[in-house]
Structures are given as structure tokens and as C-alpha cells.
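The values are calculated or read from the model by the stated rules, or taken from the named source; none is laboratory data. Quick caveat, the model's predicted, so the values are computed rather than measured. FYI the Cβ positions are ideal-geometry reconstructions off the backbone, even for glycines, and counts take in every protein chain you see. Just the protein is used for accessible areas: all its heavy atoms, side chains included, with ligands, DNA and RNA removed. Shrake-Rupley method; radii C 1.70, N 1.55, O 1.52, S 1.80 Å.
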Amino acid sequence: MEIVGIIIGVIGIIVGIYPYYRSKYILRPELTIEITSKGGLSSPRGLSSKNVVNSEGYIDGNNAIRIFELTWRFKVTITNNSDLTAFYPELEFNPTGSKFKIDKINRLKPIKPSESLELSGEFNKYEEVEGKNRTDVGKAPPTEFSELELLLGYENSKKRRFYTLFDFNESEKKNKFLNKKPKDYKNN
């Protein structure tokens, strides 16, 4: 009979602790990240020093190498796909990848269930080519996007931190839901 009493006591403790454990460590907001293009532009910034001056001291304007500033604009949409509020959201870039400009998230504003947050972003780079060979920024994202990873950290109502890692590459764009911060991001 003593063993039955011990078993009932252990079961009672487990039943009492489980709701707290579940709400702190298992129940989590599920935030997803999506990146969509908003177009871009390619603007000339001047002539390159790589141009050859002809014998008359001129540069052939039709075949001149020019410097172009390329700008890709995009929208980052963060959506809470759960019935739990996400607190203290923070967005980080892959520390070893290319850097992009993205609006800051207000860390003190929670993301409520089924709510979306839109941030504007842009990526700039320069190229030196003939005008006819310049990059068409409207066709495809820059090659640097293959390195793009965004880590979104957020907390549940019990102050437990969770993460969504968004990996943007040509073959698939996916969100990975993590319970721990990846090692690559720990020093940031």
C-alpha cells in the first residue's frame, strides 16, 4: 500500500507541475518571415577610371564603362501564426553574410496573434560595366541574397526566448523554429 501512495503522490506532483512546464517551455509563439520584392533601380554615378582615352583625348560614350549604383528594395513581413503573443522581438543578420538595410523593430511592441509586421529593406551595391551590360535589378534578387539569413528572437509570456531562422536561397525560402540561439549568432 505504501508504494501505491508514493505513486499517487508522484502523479499528483507531475500533474501539478506539467501546466507550468508546458506554458514556459513548450507553448511558444510561431513567427514566420517572408521577403518579397518591391523593385529596384540602377542609377549611373559617373564614368569609370577603367575607360580608355582614344588618341584624340576622348572617351567613346557609346562603349564607355560607367559606375552604376544598384538598389534592390524589398519588404520583410513578420507574421505571428499562433494564438500566443510574441514579446520583445529582435531581428539579427547572419554575422558572416552580407549586410542589408532593414527597418528596426520596436522591441517593446509585442506582436499579437494573427498580426503581421511589415518592414522595408534595401540592398545597395556598385558595378562598373558598359551601359548595355548593366544588371537588371527587376529580374532577380542579387547573388548576395543567397547568403541572407535572418534570426528573429522573441519571448512567450513566461519570458522564455524562442527563435525563427529564415534562410533565403534560390531553391527554397524557409523558416526554422528553434528553441536555442544558433552558435553562429551567439557573439552578437
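The table below gives the values:
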| item | result |
| --- | --- |
| Residue 88 vs. criteria within 22 Å of residue 186 (Cβ to Cβ), surrounded by fewer than 17 Cβ atoms within 10 Å (Cβ to Cβ), at pLDDT 90 or above and among the hydroxyl-bearing types (Ser, Thr, Tyr) | yes |
| Within segment 86-126, tally of residues that are in contact with a helix residue (DSSP H, G or I) (Cβ under 9 Å, 6 or more places away or on another chain), within 13 Å of residue 71 (Cα to Cα) and part of a strand (DSSP E or B) | 2 |
| Evaluation of residue 3 against (1) surrounded by fewer than 10 Cβ atoms within 10 Å (Cβ to Cβ); (2) on the phi > 0 side of the Ramachandran plot; (3) of a type outside the set (S, T, N, Q) (one fails), failing number | (2) |
| Lone unmet requirement of (1) modelled with pLDDT of 85 or more; (2) under 18 Å from the mean Cα position of the chain (by Cα); (3) exposed (fewer than 12 other Cβ atoms within 10 Å of the Cβ) for residue 163 | (3) |
| Which numbered condition residue 98 fails, given (1) within 29 Å of residue 20 (Cβ to Cβ); (2) out of contact with any strand residue (DSSP E or B) (no Cβ under 7 Å at 6 or more places or on another chain) | (1) |
| Subset of segment 11-59 [open to solvent by 70 Å² or more (accessible area, probe 1.4 Å), assigned to a loop (DSSP other than H, G, I, E, B) and under 30 Å from residue 155 (Cβ atoms)] | 30 |
| Test set (1) of a type in the set (S, T, N, Q); (2) surrounded by 14 or more Cβ atoms within 10 Å (Cβ to Cβ); (3) modelled with pLDDT of 90 or more - residue 135 fails condition number | (3) |
| Residue among 146, 157 that alone is in a helix (DSSP H, G or I) and either over 21 Å from residue 32 (Cα atoms) or open to solvent by 60 Å² or more (accessible area, probe 1.4 Å) (or both) | 146 |
